[in-house]
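What follows is a short report on a single structure.
None of the figures in this text is laboratory data; all of them are computed from the coordinates on show. None of these values were measured; they are calculated from a predicted model.
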């Protein structure tokens, strides 16, 4: 069984890329990715990458990304939603505001003439 780590995936990938001893340009060619992207990722300028890219990198390095259940489990009933509108949230009416601005700007244009 593979050794588990509590470190973020990005940190693990960086460490494995360094440990491989392979030049970045060869890793990029094998993973079908841009050299600039890998360079920025390795320098920490880019904190994360697309899942597909991370999967290709892991395969090139001889690893596989695995999704495992969290100790906390699934979202429990009644838990707050992460993002999106809350239930019963009031909708705004931007169209009315836009019409008023448009009418004002039309009056200003007429006054200038």
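Remarks
- Mean separation of Cα pairs under 8 Å and 6 or more residues apart, divided by the residue count, gives the range 9-60 a relative contact order of 40 percent.
- Computed extension gain for residue 16 through residue 32, at 0.36 nm per residue and net of the alpha carbon distance, reaches 4.0 nm.
- Binning all Cα-Cα separations of the range 9-60 at 10 Å, short to long from zero, yields these whole-percent fractions: 26, 69, 5.
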